[in-house]
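What follows is a short report on a single structure.
Coordinate-derived values only; no laboratory data. The structure presented is a predicted model; accordingly, all values stated were derived computationally and were not measured. Note that we place each Cβ from the backbone using ideal geometry, even for glycine, and neighbour counts take in every protein chain shown.
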Amino acid sequence: MVRPLLDQAPPNLDRRRPRELGALLGLGRHLLRHRSDLSELADIMTMSVSDFLDQWFEDPAVKGALSPGGVIGAWAGPHSPGTAYVLLHHRLGEAGGQRGGWGFVKGGMGALSEILASAARSGGAEIRTGARVSQILVAEGRTRGVVLEDGTELRSESVISAIHPRTTLLDLVGRQHLPARLVGEMERYRSRSGSAKVNLALAELPNFRALPSSDAGPQHPEFIINPSIDYLHRAWDDAVSGHWSREPMMDCVIPTTKDRTLAPAGRHILSCFVQYAPYQLQGATWEQEREKLADRVVELLGTYAPNLPGAVLHRQVVTPPDMEQEYGLLGGNIFHGEMSLDQLFFLRPASQAGSYRTPVAGLYLGGSGTHPGGGVMGAPGRNAARTVLSDLRRRNWSARLGRFPGVG
Ligand SMILES: Cc1cc2nc3c(=O)[nH]c(=O)nc-3n(C[C@H](O)[C@H](O)[C@H](O)COP(=O)(O)OP(=O)(O)OC[C@H]3O[C@@H](n4cnc5c(N)ncnc54)[C@H](O)[C@@H]3O)c2cc1C
C-alpha cells in the first residue's frame, strides 16, 4: 500500500485547484483498494518499533537486530511512538532487484553522484560544484534565480532546491517573502538527531568471536551491534540526558569486502553508524568528546572482534555539529528533518510546501525534506522534477492559448 505512494507527489490540501482534487481522489481510491490493510498502516504509523516487533518476534536478539531500523536518523528511542514507520521506511527501497534490500555503490557513494552528474551533462546541464547559494532571488511572489556566495547572480524562472527545507525557505528565500503560517511551520519543523559516524581504516578484517574468520565472510559486509531492545533503550536514555551512549548501537559496514577499488590490497574501510550522540552535550563540547567517542567505539568493537583495536590505521569521527557545518544537515539530522507522522507525506516539510511547490512561484523543493523523505533513493528529486515539468508544460500551453483572442 505504501510503496506506490513513494513515486507520486502528495496532494496539496492547501490549494483548491482541480489537479489537487484529482490527486486527492486518486489517493482516496488507492486507500480504498487497500482498505483491509488500513488498520495495519495505522499501527505502523503510530506504534513504537518495540511494540511493533513484539507482535511478530519473541527472541530478544532478533528484536535487537531489527530495532535499529526504527531509530536510525531519528531523535527517538525504541519505545517512542512513530518509530515503527521509520523501520518500514528503511525497508521500502529496492537494491539489485531485491525489495527491501540495500546495496553498496561500486566506487563509493561519490560514484553515484558522478553517474547522475554525467547523465545530467549528457542532457545539456552545466554543473557547478563548490558554489554555495547564499540567496534565492524573489520579486513579486516569483523566483528570479539565485545568488552565489561569491556574488555571482544566476537568473532563472525556476529554482529547485534539494537542501534542508528550513535553510531554503527561511535563510535563502527569507521570511518576508513567505506566508506567516509557513514561516511558523518551518520554525517548528523538527530536525534533531543523535547520529554520529566513526570511520576506520583497517589493516585487516575484524575477526569475530562469534564467527571466527580472517577472510571475508557473510558476517563482514554489514554487522549490527545491538543485542536487545533494552540495550537500545539504555543507549537512548544516555542521549536524552545529554550524553553520548556509553554502549551505543552501531550499524557497521565494510564496503571493501564488496569493492576492492576502495582501499589498497589487504586494507579495509569500516564505516560505523553510531547512536546515540546528541547534537548538544551536557557539560561538555564535541571537541572534548569526539576522540573519546571513537575510543569507546573501537573498545566496544574489540569485545566482539578482539583483533580490531590493533588493526586501526586511521579514524575519522563525524559528529552531529560536523554534519550541520559540512553538509548543511541542520541539527545533524541525516534526513533533512525528522520522519515523524506530522512531518510526512503532504506535511513534509509543511502543509503549504508539501507537494514540491512552494508559495513562491517557480521555487520547488526536491530533497530529503520532501516526500517521501530521506535515504539514497532519488524519489523526492524525481517527483519534484516531474512537478516542474508538468508546470512548464502547463505554462507553455497557456502561453500558446493566450495568443488566440478570447482565450486566457
Ligand atoms: C551519516 C549518514 C549516513 C547515512 N546513511 C545512509 C544509508 O546507509 N543509506 C541511505 O539510503 N541513506 C543514508 N543517509 C541518508 C542519505 O544520505 C540522505 O537522505 C541523502 O543523501 C539525501 O539526498 P539529498 O539529495 O536530498 O540531499 P543531500 O545529500 O544532503 O545533498 C544536498 C547537497 O546540497 C549541498 N548544499 C547545502 N547547502 C547548499 C547551498 N547553500 N548551496 C549549494 N549547495 C548546498 C550539500 O553540500 C549537499 O551536497 C545517511 C546520511 C548521513 C548523514
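The table below lists the values:
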quantity	calculated
Overall dimensions of the stretch 195-327 as given by Cα atoms, namely Rg and Dmax in Å	14.9, 43
For the stretch 203-218, Karplus couplings with θ = phi - 60° (6.51, -1.76, 1.60), whole Hz, Gly/Pro x	7, 7, 6, x, 9, 6, 4, 6, 8, x, 5, 8, 9, 4, x, x
Spin-label model distance (nm) - ARG35 vs ALA210, 7 Å beyond Cα toward Cβ	4.5
Overall form of the stretch 3-93 per C-alpha gyration tensor (a/c, 1.5; a/b vs b/c)	prolate
Farthest positive-ward along the stretch 195-327 dipole, Cα basis, beta-carbon charges - from THR285, TRP236, ASN199	ASN199
HN-Hα J in Hz across the stretch 64-74 - Karplus 6.51, -1.76, 1.60, θ = phi - 60°, x for Gly and Pro	x, 5, 8, 5, x, x, x, 10, 4, x, 9
Estimated FRET transfer efficiency (LEU13, GLU140; beta-carbon r; R0 25 Å; 0.05)	0.45
Average projection area in nm² (convex hull over Cα atoms of the chain, one quarter of hull surface)	23.3
Amide H partners (placed H, <5 Å) of ILE160, local residues excluded	TYR364
For GLY145, residues with placed amide H under 5 Å, excluding near neighbours	LEU137, SER156
Separation in nanometres of the label points that stand 7 Å from Cα toward Cβ, at GLU153 and ASP391	2.2
Spin-label proximity, TRP102 to the stretch 241-256 - amide N less than 18 Å from point 7 Å beyond Cα toward beta carbon	248-256
Of GLY100, PRO78, MET47, farthest towards positive along the dipole that unit charges on Lys, Arg, Asp, Glu beta carbons give the chain	GLY100
Under-5 Å amide H pairs with GLU222, H placed in peptide plane, nonlocal only	ILE254
Whole-Hz couplings from phi, Karplus 6.51/-1.76/1.60, listed for the stretch 166-179; x for Gly and Pro	5, 5, 4, 7, 7, 8, 7, 7, x, 4, 4, 9, 10, x
Cα lying deepest toward the dipole's positive end in the chain, options PRO248, LEU178, PRO372, charges on Cβ	LEU178
Dipole magnitude (debye, nearest 20) for the stretch 137-290, charges at Cβ of Lys, Arg, Asp, Glu	220
Cα centroid of the stretch 280-337 to Cα centroid of the stretch 1-75, whole Å	31
Gaussian network model of the chain, springs between alpha carbon atoms under 10 Å - residue of ASN396, ASN12, ASN307 with greatest fluctuation	ASN396
Anisotropy class of the stretch 334-399 from Cα gyration tensor, a/c 1.5 cut	prolate
Inter-probe distance in nm under a simple model that places probes 7 Å from Cα toward Cβ, at THR129 and ALA42	4.9
In the stretch 4-87, the GluC sites (Glu not before Pro) that fall in loop regions by DSSP, at most 13 other Cβ within 10 Å	GLU58
Residues of type lysines that LYS106 reaches as a straight line, Cα spacing below 30 Å, ignoring anything fewer than 8 places off in the same chain	LYS197, LYS258
Förster radius 30 Å - calculated FRET efficiency between LEU313 and ARG246 (Cβ-Cβ, nearest 0.05)	0.70
Size of electric dipole in the chain: Cβ of Lys, Arg +1 and of Asp, Glu -1, about Cα centre, debye, nearest 20	2080
Burial ordering of VAL240, VAL49, fewest other beta-carbon atoms within 10 Å first	VAL240, VAL49
Within the stretch 3-93: Cβ-based charge dipole about Cα centre, in debye rounded to nearest 20 (Lys, Arg +1; Asp, Glu -1)	700
The chain, helix-only ellipticity at 222 nm - DSSP H runs n ≥ 4, -39,500 (n - 2.57), divided by all residues, nearest 500	-10500 deg cm²/dmol
